[in-house]
Amino acid sequence: MYASREDIGYDFGDDSKVGSKPVKPNPNIDGGWAWMIVFSSFLVHILIMGSQMALGVLNMEWLEEFNQSRGLTAWVSSLSMGITLIVGPFIGLFISMCGCRLTAIIGGLLNALGWILSAYASSVHYLFLTFGVTAGIGSGMVYLPAVVMVGQYFQKRRALAQGLSTTGTGFGAFLMTALLKYLCTEFGWRNAMFIQGAVSLNLCVCGALMRPLSPKDLSEKSAGRRNSEDNRAKALSHSAETIKSNGVLADEPEKKEEATTEEVFESVQHAESGGSAGSGRNMDGLRMLKTLSQLTLTVRKGFALWYSSYFGAASLFTNRVFVAFIIWALFAYSSFVIPFIHLPEIVKQYNLSRQDNVFPLTSIIAIVHIFGKVILGIISDLPCISTWNVFLMANFTLVTCILTLPLMQTYVGLAVVCALIGFSSGYFSLMPVVTEDLVGTKHLANAYGIIICANGISALFGPPFAGWIYDITQKYDFSFYIAGLLYMVGIIFLLTQPCIQKKQPRQKSPEEAQV
């Protein structure tokens, strides 16, 4: 059962008085431009996550070109996937200062630059820097804003919206694999990477579509969410008062800073009006000073929000459920990545290559993964259904499949388990929803940045660790068993946290009842 941030009192300084005022909902929340945000995020998942899942095509080309060991060459793909997620907390700082739109556009340029520079690679170590680091950081700068913007634009159908947008990963796995195979065959892998760099420039267009909501719209969204649930925080009032007091303390310096900055702006404007008869140089200098002051204020406020989220009085780490969520993320993602990396070798060991060539097991995971995200999102948005319960049930199903996969030695058995892995891993679409419920929309960028950073660490070291276990035991069985057990440890951390009753449907007000 799930305890949302309202339940456990983690407001992080949100203004609770807004909920008592009647607000007119923004038509772009849960509708209108919100669906363009979903479309933009969908394309981002195709171009970033889909292309990363198709790197096996390029990995074979790199093995032939540079004649290095499989382990060393595989680190190129692992670095790209891992860094995309690991840089999440730092991308949260960019979002706090520059906003999602500008961060995504810069990330699109950096990602395209990484692909293009990799076309001129002379060694695997060169690819570590250009593709693993440069393209990886650029991918992270686009991926996190794409997830955050969907969370900001949706209130009632957040799980469905996140599910639809993240289905781009499955579609991208098919499209980008076919595209890279065709380009490598027709033009060679170097030209293929150059062309893919040009395609990646479309990430800048996706970023441009991320039109930010005004602070007023965000406050109205928070107010609507508070009105949509019963007031169940009384059971933990002591915890709520503690955290809210921390939030108030964190807001006071910010208000003082805003007042001081307003005085500076007023003095600059007064100097402008007073010096209108003076030289034009003085006027230009004053305008530049005013612009720099505004820019400095924006940067300082963004850094203050980022710093307070991690280290301040209202730190995200004061939320015990969120800390347990981080520990879970450290073990979870590798259990999804390891099958993609090692299933082809398992199929070869079991002499099932002929059946797998007809319908690859990894394709089964990718296809069912698409439906899993959408279906789990629809179920989670139903009234009286706890998103947290759906999230936990999907996790239990996935860890069971990971532990039983080594026991299957027929193609049909492996196909069934892979289908269940694909469907249950659809809980990825619920991760932003759960994170937002824990910390609120205001801190979603920083909080989700931490979660995907933990996932990145898991993705970076999980597959190499599984390969190391295989080198010792000459079997993949123990790789799946150890990954499954570590995954179970993460789930246990979630289950040990204090929870209360699942959310109930909101009671209608007298005005709504009359209507």
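The values are calculated or read from the model by the stated rules, or taken from the named source; none is laboratory data. Model, not experiment: these values are computed from the prediction. Cβ: placed from backbone, ideal geometry, glycine included. Neighbour counts: every protein chain shown. For the accessible areas, the whole protein counts, side chains as well, though only heavy atoms, and no ligand, DNA or RNA atoms are used. Shrake-Rupley method; radii C 1.70, N 1.55, O 1.52, S 1.80 Å.
The convex hull drawn around the Cα atoms of the range 311-504, when projected onto a plane and averaged over every direction, covers 11.7 nm². Averaging Cα coordinates gives a centre for the range 359-395 and one for the range 128-193; these two points are 20 Å apart. Separation of the alpha carbons by more than 25 angstrom is noted, of K156/K373; K181/K348; K181/K373, for K181/K373. Spin-label model, N389/M60: points 7 Å from Cα along the beta carbon direction are separated by 4.6 nm. The modelled label-to-label distance between A198 and F90, using points 7 Å beyond Cα along the C-beta direction, is 3.1 nm. For the range 27-217, the per residue solvent-accessible surface stands at 37 Å², with DNA, RNA and ligands left out and a 1.4 Å probe. Take the range 367-485 with all the other protein chains still there, run a 1.4 Å probe, and you get 34 Å² of accessible area per residue. By the Stokes-Einstein formula, at 1.306 mPa s and 10 °C, the range 140-181 with its Kirkwood radius over alpha-carbon pairs has D equal to 138 µm²/s. Here the accessible area of the range 311-504 is 71 percent carbon and sulfur, with a 1.4 angstrom probe and all protein chains present. As a rough guide to protection, the peptides 173-180, 353-360 ranked by mean Cβ packing within 10 Å, highest first, stand as 173-180, 353-360. With 5 Å bins beginning at zero, the pair-distance distribution over Cα atoms of the range 27-217 amounts to 1, 9, 17, 21, 19, 13, 9, 6, 3, 1, 0, 0 %.
Note on the range 27-217: with neighbouring protein chains present and a 1.4 Å probe, carbon and sulfur make up 69 percent of its accessible heavy-atom surface. Once every Cα of the range 68-118 carries one equal point scatterer and solvent is ignored, give the base-10 log of I(q)/I(0) from the Debye formula at q = 0.16, 0.22, 0.24, 0.27 Å⁻¹, two decimals. Values returned for q = 0.16, 0.22, 0.24, 0.27 Å⁻¹ are -0.58, -0.89, -0.97, -1.07.
Taking 0.36 nm per residue of separation and subtracting the Cα-Cα distance, full extension of the segment from S353 to N67 would add 100.5 nm. Taking each residue as 0.36 nm, the span from V489 to F371 lengthens on full extension beyond its C-alpha to C-alpha distance by 39.7 nm. Ratio of Rg to Rh for the range 394-504: 1.03 [Cα atoms; Kirkwood radius as inverse mean 1/r over pairs].
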